[in-house]
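Novice: Here it is, the structure in full.
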Amino acid sequence: MNKLFYIETYGCKLNQLDTERIRDAFHAAGYTETDDPAVAEVLVINSCAVTQNAEKESRYRLRRLQRANPDARKYFIGCFTETQAIPGAVFLRGKEKFQIQELINHIPPYPEIQKKHVRPLIHIQNGCDLNCTYCIVPYFRGPSISVPQEAVLDQMNAAIRAGRNEGVFTGIHLGTWGKDLVPKQHFLDLLQFIDKHTENRFKIRISSLDSNEIPDDLINYLRNSRLVQPHFHIPLQSGSAGILRRMKRRYSPEQFQAVVEKLRKALPEACLGTDVIVGFPGETEEEFAECYRFISEVPLDYLHVFPFSPRTGTPAATMPDKVPDTLKKERVKQLKALSDKRRNRFIHRFIGKEREGILIYPDLVLTDNYISVHLETSTKMSPGSEIRVKLIQTTAENTVTGKLA
Ligand code: SF4
């Protein structure tokens, strides 16, 4: 009877990619994956600590697994601040996460076939050299380390061999790719290298880029790129200049706006999204109003809005003038409502039109410019296939229906 393993993953794409490597290692070590933690010999929780709640949930799940299967060997790995151990579990933080006894010498540098991802995650970078005052990530993931372009190409060729048509560039701070390499390189160099060495149908989606890492030559490249999907997620965090300074972000609202407007001009049909943190310590009514007003003036198509979550060990966690949760909730609600309006406005531009996309499920397509389209009739094509779809209408539930074009 095959040995069984069970794994749960929380958090970012890079955590999911780390899990894919661990999954491959278990298979190489002769284990089979089970969805039932009660029957597994080894249980792994790949934890996230980007917010207090995320970490609480990971630890809560570990206690539940402890009760469901007391005899199994348990590993709590990844990002966590709370080091108080739970009996019966081995804690492996940050880079130690791969030191799982059963898998030593089996961890591949990159996952081979990511069965669970029809748009495989392509690992290009890890860590971060910066220190935004609210962010705990550099504490776990260490300094920025770039994956050499040849190794990025290997991962893409593995995805192409697996019949995939889109890969998602994944890391912690993609825009700093190349800075640690000798000789120093830039993110654009990686794209141009990939461009030269891959077939012309495989596409890349860039998971996130900071506005101060999108220079004009990159925008000029993206304008005509056949490789990069027209969807850019550019974290803003706040539209208030004062808050950006207290966050130690490296751009002003004006600099952010200039980049977004240049992208909008260069790629009118691209989807432009952002992240915003609400309720940062000391955020006054005036600063929130400044943030809301700023976002209302910038051509963005959606917002991911997060209430500020103090992370032990970060400077922001000890900053004075905490914003009450009720006020945070109200401000999140206002920005989410703005995001819904923007998303609808963006989607309506493409109703009646055709877009290239990737088949995610037999009845669901993700378009190149980041619209999820529910097919009126399912298709027999295999997930991951490139597909052309006509957007027909939006529904009361705010979804979009469409048909094969
Ligand atoms: S850039 Fe800032 S927010 Fe992003 S990972 Fe680095 S420290 Fe965290």
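The values are calculated or read from the model by the stated rules, or taken from the named source; none is laboratory data. No experiment lies behind these values; they were computed from the predicted model shown. With ideal geometry, Cβ positions are generated from the backbone for all residues, glycine too; neighbour counts draw on all protein chains shown. Remember, those area values only see protein heavy atoms, side chains included, never the ligands or the DNA or RNA. Shrake-Rupley method; radii C 1.70, N 1.55, O 1.52, S 1.80 Å.
Novice: Given (1) closer than 19 Å to LEU17 by Cα; (2) surrounded by fewer than 18 Cβ atoms within 10 Å (Cβ to Cβ); (3) not basic (Lys, Arg), where does ALA159 come up short, assuming only one miss?
Specialist: For ALA159, the failing item is (2).
Novice: Also, I was wondering about something else. For the range 131-156, how many residues meet the condition of being surrounded by fewer than 16 Cβ atoms within 10 Å (Cβ to Cβ) and either closer than 26 Å to SER372 by Cα or within 16 Å of the ligand (Cβ to nearest atom) (or both)? Give the derivation first.
Specialist: First, pick out the residues of the range 131-156 that are surrounded by fewer than 16 Cβ atoms within 10 Å (Cβ to Cβ): 131, 142-143, 148, 150-151, 154.
With either closer than 26 Å to SER372 by Cα or within 16 Å of the ligand (Cβ to nearest atom) (or both) added as a condition, the list becomes 131, 142-143.
Of the residues in the range 131-156, 3 are surrounded by fewer than 16 Cβ atoms within 10 Å (Cβ to Cβ) and either closer than 26 Å to SER372 by Cα or within 16 Å of the ligand (Cβ to nearest atom) (or both).
Novice: Restricting attention to the range 182-194, which residues are in contact (Cβ under 8 Å) with a residue 40 or more places away in the chain and open to solvent by 30 Å² or more (accessible area, probe 1.4 Å)?
Specialist: Of the range 182-194, the ones in contact (Cβ under 8 Å) with a residue 40 or more places away in the chain are 189-190, 193-194.
Selection gives ASP189, PHE193.
Novice: Can you name every residue in the range 231-249 that is open to solvent by less than 20 Å² (accessible area, probe 1.4 Å) and either of a type in the set (A, V, I, L, M, F, W, C) or assigned to a loop (DSSP other than H, G, I, E, B) (or both)?
Specialist: Passing the criteria: PHE232, ILE234, PRO235, LEU236, SER238, GLY239, SER240, ILE243, LEU244, MET247.
Novice: Has the range 162-180 got at least one residue that is at pLDDT below 95 and over 25 Å from GLY273 (Cβ atoms)?
Specialist: For the range 162-180, residues at pLDDT below 95 and over 25 Å from GLY273 (Cβ atoms): present.
Novice: Right, next: What's the number of the only condition in (1) part of a loop (DSSP other than H, G, I, E, B); (2) within 16 Å of the ligand (Cβ to nearest atom) that GLN255 fails to meet?
Specialist: Answer for GLN255: the failing condition is (1).
Novice: Output yes when any residue across the range 134-141 is of a type in the set (D, E, K, R), assigned by TED's automatic domain parsing to the domain that holds GLN229 and out of contact with any Pro (no Cβ under 7 Å at 6 or more places or on another chain), and no when none is.
Specialist: Narrowing the range 134-141 to residues of a type in the set (D, E, K, R): 141.
Next, only the ones that are assigned by TED's automatic domain parsing to the domain that holds GLN229 stay: 141.
Applying the additional criterion that residues be out of contact with any Pro (no Cβ under 7 Å at 6 or more places or on another chain) yields 141.
Looking for residues that are of a type in the set (D, E, K, R), assigned by TED's automatic domain parsing to the domain that holds GLN229 and out of contact with any Pro (no Cβ under 7 Å at 6 or more places or on another chain), one finds at least one in the range 134-141, hence yes.
Novice: Separate question: The conditions are (1) on the phi > 0 side of the Ramachandran plot; (2) assigned to a helix (DSSP H, G or I), and ASN105 fails exactly one of them. Which is it?
Specialist: The number of the failed condition is (2).
Novice: Now, a different point. Would you mind stating whether THR170 is within 16 Å of the ligand (Cβ to nearest atom), within 27 Å of ASP363 (Cβ to Cβ) and under 17 Å from the mean Cα position of the chain (by Cα)?
Specialist: Details: within 16 Å of the ligand (Cβ to nearest atom): yes; within 27 Å of ASP363 (Cβ to Cβ): yes; under 17 Å from the mean Cα position of the chain (by Cα): yes.
Yes: the conditions hold for THR170.
Novice: I'm checking my understanding of the structure. Among residues of the range 383-405 that are out of contact with any Lys or Arg (no Cβ under 6 Å at 6 or more places or on another chain) and outside any strand (DSSP E or B), which one is most open to solvent (accessible area, probe 1.4 Å)?
Specialist: Top of the filtered list is GLU397.
Novice: Scanning the range 110-127 for residues that are open to solvent by 20 Å² or more (accessible area, probe 1.4 Å) and over 20 Å from PHE5 (Cα atoms), which turns out farthest from the ligand (Cβ to nearest atom)? It would help to see each step written out before you state the result.
Specialist: In the first step, residues of the range 110-127 are kept if they are open to solvent by 20 Å² or more (accessible area, probe 1.4 Å); the result is 110, 112-113, 115-119, 126.
Still in the running and over 20 Å from PHE5 (Cα atoms): 118-119, 126.
On the way: VAL118: 27, ARG119: 22, ASN126: 11 Å.
Of everything passing the filter in the range 110-127, VAL118 is farthest from the ligand (Cβ to nearest atom).
Novice: Take the range 162-181 and flag every residue that is surrounded by fewer than 17 Cβ atoms within 10 Å (Cβ to Cβ) and of a type in the set (Gly, Ala, Ser).
Specialist: ALA162, GLY163, listed by residue number.
Novice: Here is a further query. Tell me, which strands (runs of 3 or more DSSP E) lie completely within the range 324-381 with 2 or more residues that are surrounded by fewer than 20 Cβ atoms within 10 Å (Cβ to Cβ)?
Specialist: Numbers: elements: 354-361, 364-367, 372-375.
Result: 354-361, 372-375.
Novice: What tally of residues in the range 8-26 results from selecting those that are β-branched (Val, Ile, Thr) and open to solvent by 20 Å² or more (accessible area, probe 1.4 Å)?
Specialist: Residues of the range 8-26 β-branched (Val, Ile, Thr): 9, 19, 22.
Filter again for open to solvent by 20 Å² or more (accessible area, probe 1.4 Å), leaving 9.
Within the range 8-26, residues that are β-branched (Val, Ile, Thr) and open to solvent by 20 Å² or more (accessible area, probe 1.4 Å) number 1.
Novice: Which strands (runs of 3 or more DSSP E) does the range 1-96 wholly contain that include 2 or more residues that are closer than 18 Å to PRO108 by Cα and either touching a strand residue (DSSP E or B) at 6+ places or on another chain (Cβ under 7 Å) or not assigned by TED's automatic domain parsing to the domain that holds ASN126 (or both)?
Specialist: Values: elements: 3-9, 31-33, 42-47, 73-78, 89-93.
Counting at least 2 such residues, we get 3-9, 31-33, 42-47, 73-78.
Novice: Residues being surrounded by 13 or more Cβ atoms within 10 Å (Cβ to Cβ) and in a loop (DSSP other than H, G, I, E, B): count how many of those fall in the range 195-214.
Specialist: Selection size over the range 195-214: 7.
Condition check ((1) without any contact (Cβ under 8 Å) to a residue 12 or more places away in the chain; (2) among the acidic types (Asp, Glu); (3) more than 25 Å from LEU191 (Cα to Cα)) across all residues:
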{"site": "ILE86", "(1), (2), (3)": "no, no, yes"}
{"site": "GLU96", "(1), (2), (3)": "no, yes, yes"}
{"site": "GLN99", "(1), (2), (3)": "yes, no, yes"}
{"site": "GLU102", "(1), (2), (3)": "no, yes, yes"}
{"site": "HIS106", "(1), (2), (3)": "no, no, yes"}
{"site": "HIS123", "(1), (2), (3)": "no, no, no"}
{"site": "SER144", "(1), (2), (3)": "no, no, no"}
